[in-house]
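No value in this document is a laboratory result; all are computed from the given coordinates. Just so it is clear, the model here is predicted, and its values are computed rather than measured. Don't worry about glycine lacking a Cβ; one is built from the backbone with ideal geometry, like all the others, and counts go over all protein chains shown.
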Amino acid sequence: MSAPSRPLKRKWPEALARLSQGVTRYLATLGSETRGAATPSMPLRGECRPGKVYLVGAGSGDVELLTLKAARLLQQADAVVYDRLVGGEVLALIGAACERYYVGKARGHHSVPQAEIGALMVRLAGEGKSVVRLKGGDPGVFGRMGEELAALGEASVPAEIVPGITAASAAAASMGIPLTDRGHAQQLRFVTAQLCREDGTPDWASLARRDETLVFYMGLSKVAAICAGLRDAGLPGDWPIMLVANASQPEQRSLTGSLADMPQQLADQPLPSPCLIVVGSVVRMVATSPAAVAKQLTP
Ligand code: SAH
């Protein structure tokens with residue numbers, strides 16, 4: 001069954017104009033000398049369609065790292081379904097009349113089951129609403145987007161994916177390093193540290209390579225296991241590792257060190273969640289990067 005074919009919303013050109021004016025005003029506050037003489041017109045186009053679900057990346061927390069497309073959709077949507085890792089400044093962009101549904105984890109509670117989130121989106125779209133499913137970082141990186149696409153597909157609800165800045169990109173940028181540098185890494189791997197659970201064993205031998213950057217998501221409580229696993233599989237004790245918590249946000253904190261010393265460093269100076277783990281010789285570039293200086297918050 002196809003989506004309800006209602007006429008397109010009347011409000012989107014208005015919302016678009018408002019957003020464009022807002023961004024233009026923001027640029028004006030930066031001063032004309034930094035942006036040239038003419039104020040650029042914002043390349044915003046498109047409409048939020050009724051009965052459709054947009055799976056949108058909210059980026060890593062810094063509202064300025066949001067895409068223009070995401071900002072436009074947040075202004076236009078009838079309903080937004082969002083997670084714990086979405087920042088407050090991003091949520092502030094949601095239109096006043098828009099319905100909001102929080103489906104993240106409350107303190108001490110489990111998150112809303114995936115099946116319920118799927119059912120909620122299907123219901124809202126079935127009511128002819130345009131729905132934004134807002135997820136931290138990039139929705140396609142450890143974001144359970146596959147399950148949500150399946151639920152929408154099963155109900156024949158049309159969907160569109162809008163990528164976002166994933167935590168790995170944000171963490172590397174704010175520490176002033178590339179994730180791949182040809183002198184350091186010819187491969188880049190995103191790994192879920194959930195593999196380090198008791199019943200799952202990462203393939204440490206395949207991960208313990210010197211020509212690769214490894215990025216572990218969801219690994220704050222697995223740092224000791226990661227360091228031990230990689231060392232047992234052949235990486236040296238002085239192999240570089242960095243931890244970046246709250247990447248791209250004012251409260252960002254980081255630790256840089258080696259596989260041998262990181263578990264103790266973390267025990268001495270615990271970092272909060274969310275936290276990303278980067279392993280690889282590219283981490284050595286933090287020490288000399290001009291882009292790391294301003295943001296190097298390592299205690
Ligand atoms: N889709 C998200 C990842 C969700 S999994 C993305 O693309 O970024 C959740 C994990 O992402 C967290 O446990 C943490 O490892 C990482 N993460 C998300 N936001 C982060 C941030 N601002 N700083 C550091 N790590 C972050």
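Tabulated data
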read-out: Distance-filtered residues of the stretch 209-251 - backbone nitrogen under 20 Å, label point 7 angstrom along THR201 Cα→Cβ; value: 209, 222-235
read-out: Rounded if a/c under 1.5, otherwise prolate or oblate - the stretch 168-288, Cα gyration tensor axes; value: rounded
read-out: Listed peptides 48-58, 252-262 by packing density, highest first (mean Cβ within 10 Å); value: 48-58, 252-262
read-out: Theoretical FRET efficiency, 1/(1+(r/R0)^6), r = Cβ-Cβ of GLU89 and THR180, R0 35 Å, to 0.05; value: 0.70
read-out: Potential extension, THR288-ARG210 segment - 0.36 nm per residue separation minus Cα distance; value: 26.0 nm
read-out: Among 175-183, 159-167, 64-72, the order from most to least packed when residues are scored by Cβ within 10 Å on average; value: 159-167, 64-72, 175-183
read-out: Per-peptide average of other Cβ atoms within 10 Å, ordering 85-92, 271-278 highest first; value: 271-278, 85-92
read-out: Two-decimal log10 I(q)/I(0) for the stretch 45-165, as the Debye equation yields it once each C-alpha is a single scatterer, q = 0.11 Å⁻¹; value: -0.31
read-out: Whole-number percent relative contact order across the stretch 127-279, with pairs defined as alpha carbons under 8 Å at least 6 apart; value: 20 percent
